[in-house]
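Right, one structure below, let's go through it.
The values are calculated or read from the model by the stated rules, or taken from the named source; none is laboratory data. For clarity, every value in this text was computed on a predicted model and none was experimentally measured. As a convention, Cβ positions derive from the backbone with ideal geometry for all residues, glycine included, and neighbour counts pool all protein chains shown. Only protein heavy atoms, including side chains, enter the accessible area calculation; ligands, DNA and RNA are left aside. Shrake-Rupley method; radii C 1.70, N 1.55, O 1.52, S 1.80 Å.
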Amino acid sequence: MTEPLLAYVNDGFVPLEQATVHIEDRGFQFADGVYEVVACFNGTYLDLKPHLQRLQRSCAAIEIELPKPMAELEYLVQEAYVKNPFEDAMVYIQVTRGVAPRAHVVQQKLIPTLIITVRELPKPSEKKVQTGMKGITLSDIRWKHCEIKSIALLASVMGKQEAVRQEVDEAFWLDEQGHVLEGCATNIFAVIDEVLVTHPLDHQVLGGITRDMVIEAAKASDVPVEEREWRMDEEGLSECMMSSTTNAVMPVCVMDGQAIGGGKPGDICLKLRAYMLDQLQALRDA
Ligand code: PDD
C-alpha cells in the first residue's frame, strides 16, 4: 500500500482525502488569502526563510495575522516534508482570513486558516532545457497589487489556459505600453546587449525568490544586471529566460511564434542555470 499524503489543516496533520475547510472560509468565498510555494531538496528547503518572510509580508499587506509565530511555522513546514514520501518536494502554504458568515466586511476577529500540502516537485524535462520554453504575451488583466502573493489567481488561470490552447508553456503579461512584466507563475528576464534585464520590483510583479537567485547567479558570473522596463522588440535582445521555484531558470526560445536569438537556449541562460543547479545539488547533498 502506498503511504497516504498528509496535509496540515489548522491544528494538525490529516490524510489529504480528509483534509477540508469550512464552506464559509473566506479563502473559498472571497479568495481572501495568500500563499507560498517552497521547494525542498532531499530534506533541505531552498530559501525557506525568504519564502516565509514573503508570506509574512503578504499577510501584513492584507491585514491577516500570521497564523503561527515564525519559528512554529518553520517547524510545521519541516514536519510537512518529513511526513510525506517525496525526495524532492513542492510545499504549498496557504493562509486565509478564516471562517465567517459571508459578508465582504468582517468586524469580528477571525482565526486565520492555515493549510500546508506537499507534492512531488515537478521539474522541467531535459528536452525542455534543450529546446527551451515557448511563450505568448497577453495584456495584463490582473489587479494592481501583484507584489502580494494572493490566492486570487483567476487571471493567471485564464492566462495559463490560453497558453495551453496555443500549445506553449507560459503566458507573459504586458503593461499598456508593451513592457514585459512577468509570467502567470514566473518572472521573466531578457538579455539585451549582454545585460540581464528584468522589470523592477513594483506593484506589477511578484518579488520572486528565484528571481533573486538568478540576479545573484548573474552577479557571481560577471553578467551585468539591470532592473528596468523592457520590451520584446528591443534591439539587441538575444535571450529570454523565466524563473520560478519549480523551474529554477529556464530558457524561453519562442515568443508569440517568433524565435528569440537563434531559437535555441542562450549561453547566458545556460550558464546561470548551471550555476543554480549546482546550488540545488549542494542542498541535496547537505
Ligand atoms: N509561482 N510571479 C508569479 C505571478 C508567480 O506566481 C510566481 C511563483 C513567480 C516566481 O516566484 P518564486 O521564484 O518565488 O517561485 C513570479 C508559484 C511557483 C506558483 O504559483 O505555483
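Take the alpha-carbon positions of region 1-110, form their convex hull, and give its projected area averaged over all directions (one quarter of the hull surface) in nm².
Hull-based average projected area comes out at 7.3 nm².
Could you work out how far apart the two model spin labels at residue 68 and residue 194 are, taking each label as a point 7 Å from the Cα in the direction of the beta carbon, and quote it in nm?
It is 5.0 nm.
Hey, how many Å between the Cα centroid of region 38-70 and the Cα centroid of region 168-212?
Between the Cα centre of region 38-70 and that of region 168-212, the gap is 22 Å.
Step through the residues of region 96-105 one at a time and calculate ³J(HN,Hα) from phi using the Karplus curve (6.51 cos²θ - 1.76 cosθ + 1.60, θ = phi - 60°), rounding each to whole Hz and writing x for Gly and Pro.
My calculation for region 96-105 gives 10, 5, x, 9, 7, x, 5, 7, 4, 8 Hz in order.
Any idea of the accessible area per residue across the chain, 1.4 Å probe, to the nearest Å²?
50
Quick one: pull the percentage of alpha-carbon pairs in the chain with a separation above 22 Å.
Tail of P(r) above 22 Å: 60 percent of Cα pairs.
Using a Förster distance of 35 Å, how high is the FRET efficiency between residue 120 and residue 267, based on the Cβ-Cβ distance and rounded to 0.05?
0.65
Mind listing the long-range amide H neighbours of residue 121? Cut-off is under 5 Å, sequence gap 5 or more, other chains count too, H placed in the peptide plane at 1.01 Å from N.
88, 89, 90
Of all the accessible heavy-atom surface of region 154-285, with the other protein chains kept in place and a 1.4 Å probe, what percent is carbon and sulfur?
The nonpolar share, carbon plus sulfur, comes to 49 percent.
What are the extents of the Cα atoms of region 154-285 along their three principal axes, listed from largest to smallest and rounded to whole Å?
Sorted largest first, the three principal extents are 39, 33, 30 Å.
Per DSSP H run of at least 4 residues, take -39500 (n - 2.57); add these up for the chain, divide by its residues and hand me the 222 nm value, nearest 500 deg cm²/dmol.
-8500 deg cm²/dmol
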